[in-house]
Amino acid sequence: MEDIPGASLPVWAEAPGKAILFGEHAVVYGKTAVVLSLRLYTKIEVRPSKLGVTTFNGSVDLALANPYLQTALKLHPPGRPLELHVASDLPRASGLGSSAAFTSALMASMLAMGGGAPRSTLAAESFRVERTAQGLGSPVDTSAAVAGGILAVGAEPAGDVLWQLPADGGKFPWYVGDLPDPEWTWVVGFTGMQKDTAAVVRNVGERLRSPDGPALLDEIAKISAEGISALEQRDRERVGALMSRNHDVLVQLGISHPRLDALVQATRGHALGAKITGAGGGGSILALPPSGGEFELARAIESAGGVSFIVKVAEAGAQVRSKGETPH
Ligand code: PMV
(Lines give C-alpha, C1' and ligand atoms only; values in the text may rest on other atoms or scores of the structure.)
Protein backbone atom coordinates (compact mmCIF):
# COMPACT_ATOMS: atom_id res chain seq x y z
CA MET A 1 0.00 0.00 0.00
CA GLU A 2 1.46 3.37 -0.95
CA ASP A 3 3.05 5.66 1.64
CA ILE A 4 1.91 9.17 2.52
CA PRO A 5 4.13 11.47 0.43
CA GLY A 6 5.80 14.58 1.83
CA ALA A 7 4.09 17.82 0.76
CA SER A 8 4.23 21.54 1.36
CA LEU A 9 1.19 23.73 2.04
CA PRO A 10 -1.42 24.02 0.69
CA VAL A 11 -2.32 20.35 1.06
CA TRP A 12 -5.56 18.59 0.13
CA ALA A 13 -6.51 15.25 1.65
CA GLU A 14 -9.53 13.00 1.67
CA ALA A 15 -10.52 9.81 3.49
CA PRO A 16 -13.53 7.49 3.14
CA GLY A 17 -16.26 6.69 5.66
CA LYS A 18 -17.26 3.17 6.63
CA ALA A 19 -20.04 0.76 7.51
CA ILE A 20 -19.48 -2.22 9.80
CA LEU A 21 -20.65 -5.40 8.08
CA PHE A 22 -20.17 -7.77 11.03
CA GLY A 23 -18.90 -7.56 14.59
CA GLU A 24 -19.53 -4.09 16.05
CA HIS A 25 -19.40 -4.03 19.87
CA ALA A 26 -17.79 -7.50 19.96
CA VAL A 27 -14.67 -5.89 18.44
CA VAL A 28 -14.32 -3.69 21.54
CA TYR A 29 -13.59 -7.00 23.34
CA GLY A 30 -11.09 -8.11 20.68
CA LYS A 31 -13.44 -10.22 18.51
CA THR A 32 -12.98 -9.78 14.77
CA ALA A 33 -15.15 -7.21 12.99
CA VAL A 34 -15.55 -6.83 9.23
CA VAL A 35 -15.75 -3.27 7.94
CA LEU A 36 -16.48 -1.81 4.50
CA SER A 37 -14.89 1.51 3.59
CA LEU A 38 -17.43 3.49 1.61
CA ARG A 39 -17.19 5.82 -1.37
CA LEU A 40 -18.40 8.67 0.83
CA TYR A 41 -15.57 11.05 1.69
CA THR A 42 -14.44 13.77 4.04
CA LYS A 43 -12.22 16.26 2.22
CA ILE A 44 -9.93 18.73 3.84
CA GLU A 45 -7.83 21.64 2.56
CA VAL A 46 -4.99 22.85 4.79
CA ARG A 47 -3.35 26.27 4.27
CA PRO A 48 -1.14 28.46 6.43
CA SER A 49 -3.45 30.66 8.54
CA LYS A 50 -3.72 34.29 7.49
CA LEU A 51 -5.17 35.17 10.91
CA GLY A 52 -2.32 33.84 13.05
CA VAL A 53 -4.68 31.34 14.71
CA THR A 54 -6.01 27.93 13.62
CA THR A 55 -9.47 28.09 12.00
CA PHE A 56 -11.99 25.44 10.90
CA ASN A 57 -14.20 26.55 7.98
CA GLY A 58 -13.41 30.16 8.84
CA SER A 59 -14.14 29.88 12.57
CA VAL A 60 -11.76 29.89 15.53
CA ASP A 61 -14.60 28.62 17.79
CA LEU A 62 -15.26 25.62 15.54
CA ALA A 63 -11.55 24.81 15.63
CA LEU A 64 -11.46 25.01 19.43
CA ALA A 65 -14.64 22.93 19.80
CA ASN A 66 -13.41 20.05 17.60
CA PRO A 67 -11.89 17.38 19.90
CA TYR A 68 -10.25 15.49 17.01
CA LEU A 69 -8.53 18.60 15.70
CA GLN A 70 -7.45 19.70 19.17
CA THR A 71 -6.06 16.23 19.99
CA ALA A 72 -4.21 16.08 16.66
CA LEU A 73 -2.67 19.52 17.25
CA LYS A 74 -1.60 18.49 20.75
CA LEU A 75 -0.06 15.15 19.68
CA HIS A 76 1.47 16.50 16.44
CA PRO A 77 2.12 20.24 16.84
CA PRO A 78 2.37 21.57 13.27
CA GLY A 79 4.59 24.50 14.31
CA ARG A 80 2.26 27.10 12.72
CA PRO A 81 -1.42 28.05 12.84
CA LEU A 82 -3.47 26.44 10.06
CA GLU A 83 -6.53 27.31 8.02
CA LEU A 84 -8.68 24.20 7.52
CA HIS A 85 -11.56 23.89 5.08
CA VAL A 86 -13.57 20.72 5.50
CA ALA A 87 -16.45 19.24 3.50
CA SER A 88 -18.01 15.81 4.02
CA ASP A 89 -20.47 13.47 2.32
CA LEU A 90 -20.94 11.79 5.72
CA PRO A 91 -23.63 12.84 8.20
CA ARG A 92 -22.13 13.34 11.69
CA ALA A 93 -22.62 10.74 14.47
CA SER A 94 -24.48 8.48 12.02
CA GLY A 95 -22.38 5.32 12.45
CA LEU A 96 -20.69 5.98 9.09
CA GLY A 97 -17.26 6.97 10.38
CA SER A 98 -17.33 10.74 9.88
CA SER A 99 -14.94 11.46 12.77
CA ALA A 100 -12.46 8.79 11.63
CA ALA A 101 -12.58 10.09 8.04
CA PHE A 102 -11.90 13.62 9.30
CA THR A 103 -9.16 12.47 11.69
CA SER A 104 -7.44 10.33 9.04
CA ALA A 105 -7.59 13.05 6.36
CA LEU A 106 -6.23 15.56 8.88
CA MET A 107 -3.44 13.24 10.04
CA ALA A 108 -2.57 12.43 6.40
CA SER A 109 -2.14 16.19 5.80
CA MET A 110 -0.08 16.64 8.95
CA LEU A 111 2.21 13.67 8.22
CA ALA A 112 2.60 14.96 4.64
CA MET A 113 3.59 18.39 6.02
CA GLY A 114 6.11 16.62 8.27
CA GLY A 115 7.82 14.99 5.27
CA GLY A 116 5.61 11.93 4.69
CA ALA A 117 5.26 8.56 6.46
CA PRO A 118 4.45 4.89 5.86
CA ARG A 119 0.71 4.23 5.67
CA SER A 120 0.96 2.02 8.79
CA THR A 121 2.12 5.13 10.70
CA LEU A 122 -0.95 7.01 9.45
CA ALA A 123 -3.10 4.10 10.67
CA ALA A 124 -1.48 4.10 14.13
CA GLU A 125 -1.56 7.90 14.54
CA SER A 126 -5.16 8.27 13.30
CA PHE A 127 -6.26 5.59 15.80
CA ARG A 128 -4.27 7.26 18.60
CA VAL A 129 -5.88 10.66 17.91
CA GLU A 130 -9.42 9.24 17.61
CA ARG A 131 -9.07 7.08 20.69
CA THR A 132 -7.55 9.89 22.77
CA ALA A 133 -10.35 12.25 21.72
CA GLN A 134 -13.13 9.67 22.34
CA GLY A 135 -11.61 7.92 25.36
CA LEU A 136 -12.57 4.45 24.09
CA GLY A 137 -13.06 2.36 21.00
CA SER A 138 -11.45 0.03 18.50
CA PRO A 139 -9.43 0.99 15.40
CA VAL A 140 -12.24 -0.19 13.05
CA ASP A 141 -13.20 3.27 11.77
CA THR A 142 -9.73 4.74 11.33
CA SER A 143 -8.48 1.50 9.69
CA ALA A 144 -11.22 1.75 7.04
CA ALA A 145 -10.44 5.44 6.49
CA VAL A 146 -6.70 4.76 6.09
CA ALA A 147 -6.65 1.45 4.18
CA GLY A 148 -9.86 1.50 2.09
CA GLY A 149 -11.33 -1.79 0.84
CA ILE A 150 -12.90 -4.40 3.13
CA LEU A 151 -11.02 -5.17 6.34
CA ALA A 152 -10.97 -7.62 9.22
CA VAL A 153 -10.02 -5.89 12.49
CA GLY A 154 -9.51 -7.67 15.81
CA ALA A 155 -7.11 -9.11 18.36
CA GLU A 156 -6.48 -12.18 16.15
CA PRO A 157 -5.07 -11.95 12.62
CA ALA A 158 -7.61 -12.47 9.78
CA GLY A 159 -7.41 -11.84 6.05
CA ASP A 160 -4.21 -10.60 4.45
CA VAL A 161 -2.64 -8.75 7.41
CA LEU A 162 -1.70 -5.16 6.48
CA TRP A 163 -0.39 -3.97 9.85
CA GLN A 164 -0.60 -4.38 13.60
CA LEU A 165 -1.53 -1.51 15.89
CA PRO A 166 -0.33 -1.09 19.48
CA ALA A 167 -2.82 -1.62 22.31
CA ASP A 168 -2.66 2.11 23.19
CA GLY A 169 -4.71 2.09 26.38
CA GLY A 170 -6.65 -1.03 25.40
CA LYS A 171 -5.98 -4.62 26.40
CA PHE A 172 -4.40 -6.05 23.24
CA PRO A 173 -2.62 -5.09 20.04
CA TRP A 174 -4.86 -5.10 16.96
CA TYR A 175 -4.46 -6.81 13.61
CA VAL A 176 -5.83 -5.19 10.46
CA GLY A 177 -6.26 -7.56 7.50
CA ASP A 178 -7.40 -6.98 3.94
CA LEU A 179 -10.34 -9.03 2.58
CA PRO A 180 -11.43 -9.43 -1.05
CA ASP A 181 -14.11 -7.00 -2.30
CA PRO A 182 -16.82 -8.82 -4.29
CA GLU A 183 -17.73 -5.34 -5.73
CA TRP A 184 -21.37 -5.48 -4.74
CA THR A 185 -23.53 -2.39 -4.30
CA TRP A 186 -24.68 -1.79 -0.72
CA VAL A 187 -27.45 0.41 0.68
CA VAL A 188 -27.14 2.40 3.92
CA GLY A 189 -30.19 3.82 5.69
CA PHE A 190 -29.57 6.68 8.12
CA THR A 191 -32.33 7.20 10.70
CA GLY A 192 -31.54 10.94 10.92
CA MET A 193 -30.90 10.37 14.63
CA GLN A 194 -27.39 10.96 15.90
CA LYS A 195 -26.08 8.29 18.26
CA ASP A 196 -23.80 8.49 21.28
CA THR A 197 -21.23 5.72 20.80
CA ALA A 198 -19.66 6.07 24.28
CA ALA A 199 -23.03 5.75 26.05
CA VAL A 200 -24.10 2.73 23.96
CA VAL A 201 -20.72 1.00 24.44
CA ARG A 202 -21.10 1.48 28.23
CA ASN A 203 -24.65 0.02 28.19
CA VAL A 204 -23.44 -2.97 26.17
CA GLY A 205 -20.69 -3.45 28.78
CA GLU A 206 -23.40 -3.76 31.47
CA ARG A 207 -25.48 -6.10 29.30
CA LEU A 208 -22.47 -8.36 28.70
CA ARG A 209 -22.06 -8.87 32.46
CA SER A 210 -25.30 -10.93 32.49
CA PRO A 211 -24.94 -14.75 32.32
CA ASP A 212 -25.59 -14.98 28.54
CA GLY A 213 -23.10 -12.16 27.75
CA PRO A 214 -20.12 -14.34 26.74
CA ALA A 215 -22.36 -16.50 24.50
CA LEU A 216 -23.59 -13.37 22.67
CA LEU A 217 -19.99 -12.27 22.03
CA ASP A 218 -19.07 -15.77 20.82
CA GLU A 219 -22.08 -15.82 18.49
CA ILE A 220 -20.98 -12.52 16.90
CA ALA A 221 -17.41 -13.84 16.54
CA LYS A 222 -18.81 -16.94 14.77
CA ILE A 223 -20.87 -14.76 12.42
CA SER A 224 -17.78 -12.66 11.53
CA ALA A 225 -15.74 -15.80 10.81
CA GLU A 226 -18.51 -17.27 8.62
CA GLY A 227 -18.97 -13.85 7.01
CA ILE A 228 -15.31 -13.71 6.01
CA SER A 229 -15.53 -17.07 4.28
CA ALA A 230 -18.84 -16.07 2.59
CA LEU A 231 -17.17 -12.88 1.26
CA GLU A 232 -14.17 -14.89 0.05
CA GLN A 233 -16.56 -17.18 -1.82
CA ARG A 234 -18.57 -14.16 -3.10
CA ASP A 235 -21.66 -15.85 -1.65
CA ARG A 236 -24.08 -12.93 -1.62
CA GLU A 237 -27.09 -14.82 -0.21
CA ARG A 238 -25.02 -16.14 2.69
CA VAL A 239 -23.56 -12.71 3.50
CA GLY A 240 -27.11 -11.31 3.57
CA ALA A 241 -28.35 -14.10 5.84
CA LEU A 242 -25.40 -13.57 8.21
CA MET A 243 -26.14 -9.82 8.35
CA SER A 244 -29.67 -10.57 9.54
CA ARG A 245 -28.33 -13.07 12.08
CA ASN A 246 -25.87 -10.44 13.35
CA HIS A 247 -28.75 -7.96 13.61
CA ASP A 248 -30.71 -10.33 15.86
CA VAL A 249 -27.75 -10.55 18.26
CA LEU A 250 -27.39 -6.74 18.26
CA VAL A 251 -31.07 -6.49 19.21
CA GLN A 252 -30.37 -8.88 22.10
CA LEU A 253 -27.51 -6.59 23.14
CA GLY A 254 -30.13 -3.87 23.55
CA ILE A 255 -28.76 -1.39 20.99
CA SER A 256 -31.78 -1.09 18.71
CA HIS A 257 -34.24 1.79 18.58
CA PRO A 258 -37.76 1.99 17.08
CA ARG A 259 -36.42 4.02 14.13
CA LEU A 260 -33.73 1.38 13.43
CA ASP A 261 -36.35 -1.39 13.78
CA ALA A 262 -38.58 0.44 11.28
CA LEU A 263 -35.77 0.72 8.71
CA VAL A 264 -34.71 -2.92 9.06
CA GLN A 265 -38.39 -3.94 8.78
CA ALA A 266 -38.74 -1.83 5.60
CA THR A 267 -35.90 -3.77 3.91
CA ARG A 268 -37.84 -7.08 4.15
CA GLY A 269 -38.58 -8.41 0.68
CA HIS A 270 -36.10 -5.93 -0.87
CA ALA A 271 -32.81 -7.10 0.66
CA LEU A 272 -30.88 -10.33 1.16
CA GLY A 273 -30.15 -9.14 4.69
CA ALA A 274 -30.02 -6.01 6.84
CA LYS A 275 -28.62 -4.94 10.18
CA ILE A 276 -27.83 -2.05 12.46
CA THR A 277 -24.36 -0.77 11.55
CA GLY A 278 -22.10 0.92 14.12
CA ALA A 279 -22.93 1.59 17.74
CA GLY A 280 -26.74 1.67 17.43
CA GLY A 281 -29.17 3.59 19.62
CA GLY A 282 -29.71 5.75 16.50
CA GLY A 283 -27.41 6.08 13.51
CA SER A 284 -27.76 3.76 10.53
CA ILE A 285 -28.56 0.37 9.08
CA LEU A 286 -26.68 -1.47 6.32
CA ALA A 287 -28.57 -3.63 3.81
CA LEU A 288 -27.45 -5.86 0.93
CA PRO A 289 -29.78 -5.78 -2.09
CA PRO A 290 -30.06 -8.61 -4.59
CA SER A 291 -28.07 -7.83 -7.74
CA GLY A 292 -29.68 -4.79 -9.46
CA GLY A 293 -32.14 -4.24 -6.59
CA GLU A 294 -30.45 -1.21 -4.98
CA PHE A 295 -32.93 1.46 -6.15
CA GLU A 296 -35.97 -0.50 -4.95
CA LEU A 297 -34.27 -1.11 -1.61
CA ALA A 298 -33.30 2.57 -1.24
CA ARG A 299 -36.92 3.58 -2.01
CA ALA A 300 -38.22 1.20 0.67
CA ILE A 301 -35.82 2.75 3.21
CA GLU A 302 -36.84 6.28 2.22
CA SER A 303 -40.55 5.35 2.51
CA ALA A 304 -39.90 4.32 6.12
CA GLY A 305 -38.35 7.74 6.88
CA GLY A 306 -34.66 6.89 6.36
CA VAL A 307 -32.04 8.72 4.34
CA SER A 308 -30.58 6.22 1.88
CA PHE A 309 -27.09 6.02 0.40
CA ILE A 310 -26.40 3.62 -2.49
CA VAL A 311 -22.69 2.89 -2.16
CA LYS A 312 -19.80 0.75 -3.29
CA VAL A 313 -16.65 -0.02 -1.35
CA ALA A 314 -13.88 2.58 -1.68
CA GLU A 315 -10.85 0.95 -3.30
CA ALA A 316 -8.34 3.27 -1.63
CA GLY A 317 -7.94 4.83 1.80
CA ALA A 318 -6.75 8.34 2.69
CA GLN A 319 -5.08 10.25 -0.14
CA VAL A 320 -3.01 13.45 -0.11
CA ARG A 321 -2.42 15.95 -2.91
CA SER A 322 -0.48 19.19 -2.98
CA LYS A 323 0.44 22.10 -5.30
CA GLY A 324 -2.84 22.67 -7.10
CA GLU A 325 -3.85 19.04 -7.54
CA THR A 326 -7.18 18.35 -5.78
CA PRO A 327 -8.54 14.87 -5.01
CA HIS A 328 -11.32 13.66 -7.40
O1 PMV B 1 -19.08 4.92 16.32
P2 PMV B 1 -19.75 3.87 15.51
O3 PMV B 1 -21.23 3.99 15.46
O4 PMV B 1 -19.12 3.65 14.18
O5 PMV B 1 -19.54 2.49 16.33
C6 PMV B 1 -18.31 1.93 16.44
C7 PMV B 1 -18.44 0.46 16.65
C8 PMV B 1 -18.30 -0.04 18.07
O9 PMV B 1 -17.88 -1.39 17.93
C10 PMV B 1 -19.63 0.02 18.79
C11 PMV B 1 -17.26 0.74 18.87
C12 PMV B 1 -15.83 0.56 18.38
O13 PMV B 1 -15.03 1.45 18.70
O14 PMV B 1 -15.51 -0.43 17.72
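The values are calculated or read from the model by the stated rules, or taken from the named source; none is laboratory data. Being a predicted model, the structure only gives us computed values, none of them experimental. Positions of Cβ are generated from backbone atoms using ideal geometry, with glycine treated the same way; all protein chains shown enter the neighbour counts. The area values use the complete protein model at the heavy-atom level, side chains included, leaving out ligands, DNA and RNA. Shrake-Rupley method; radii C 1.70, N 1.55, O 1.52, S 1.80 Å.
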Original post:
Do you know which of the residues in region 219-230 that are free of Cβ contacts under 8 Å to residues at least 24 places away in the same chain and open to solvent by 40 Å² or more (accessible area, probe 1.4 Å) is nearest to Asp160 (Cα to Cα)?
Top reply: Glu226
Original post:
Can you tell me which residues in region 265-284 are open to solvent by 10 Å² or more (accessible area, probe 1.4 Å) and out of contact with any helix residue (DSSP H, G or I) (no Cβ under 7 Å at 6 or more places or on another chain)?
Top reply: Gln265, Arg268, Gly269
**OP:** Just one of (1) in contact with a His (Cβ under 7 Å, 6 or more places away or on another chain); (2) within 12 Å of the ligand (Cβ to nearest atom) trips up Glu45, so point out which.
**Re:** (2)
**OP:** Go through the residues of region 139-156 one by one and say whether even a single one is more than 26 Å from Val239 (Cβ to Cβ), assigned to a helix (DSSP H, G or I) and either more than 12 Å from the ligand (Cβ to nearest atom) or out of contact with any Leu (no Cβ under 8 Å at 6 or more places or on another chain) (or both).
**Re:** no
**OP:** Please indicate, with yes or no, whether at least one residue in region 13-32 is open to solvent by 60 Å² or more (accessible area, probe 1.4 Å) and either away from the ligand (no atom under 16 Å from the Cβ) or in a helix (DSSP H, G or I) (or both).
**Re:** yes
Original post:
In the list Gly159, Gly148, which residue meets the criterion of being touching a helix residue (DSSP H, G or I) at 6+ places or on another chain (Cβ under 8 Å) and not aromatic (Phe, Trp, Tyr)?
Top reply: Gly159
Subject >> Single residue of Ala318, Ala287 found to be within 23 Å of the chain's Cα centre (by Cα), under 22 Å from Glu14 (Cβ atoms), surrounded by 23 or more Cβ atoms within 10 Å (Cβ to Cβ) and more than 16 Å from the ligand (Cβ to nearest atom) >> reply: Ala318
**OP:** State yes or no: is Lys222 outside any helix (DSSP H, G or I) and either within 22 Å of the chain's Cα centre (by Cα) or modelled with pLDDT under 95 (or both)?
**Re:** no
Original post:
Within region 190-208, which residues are out of contact with any Phe, Trp or Tyr (no Cβ under 8 Å at 6 or more places or on another chain), within 17 Å of Ala26 (Cβ to Cβ) and either open to solvent by 60 Å² or more (accessible area, probe 1.4 Å) or part of a loop (DSSP other than H, G, I, E, B) (or both)?
Top reply: Arg202, Asn203, Glu206, Arg207
Subject >> From the options Ala65, Ala93, residue that is out of contact with any Gly (no Cβ under 8 Å at 6 or more places or on another chain) and hydrophobic (A, V, I, L, M, F, W, C) >> reply: Ala65
**OP:** Determine, yes or no, whether Ala65 is open to solvent by less than 10 Å² (accessible area, probe 1.4 Å) and either within 16 Å of the ligand (Cβ to nearest atom) or at pLDDT 95 or above (or both).
**Re:** no
Subject >> Candidates Ala241, Ala262 - the one that is assigned to a helix (DSSP H, G or I), in contact (Cβ under 8 Å) with a residue 40 or more places away in the chain and open to solvent by 20 Å² or more (accessible area, probe 1.4 Å) >> reply: Ala262
Original post:
Can you spot a residue in region 101-118 that is in contact with a Lys or Arg (Cβ under 8 Å, 6 or more places away or on another chain) and more than 16 Å from the ligand (Cβ to nearest atom)?
Top reply: yes
**OP:** Sort out which residues of region 82-96 are open to solvent by less than 50 Å² (accessible area, probe 1.4 Å), more than 16 Å from the ligand (Cβ to nearest atom) and not charged (D, E, K, R), and write them in order of number.
**Re:** Leu82, Leu84, Val86
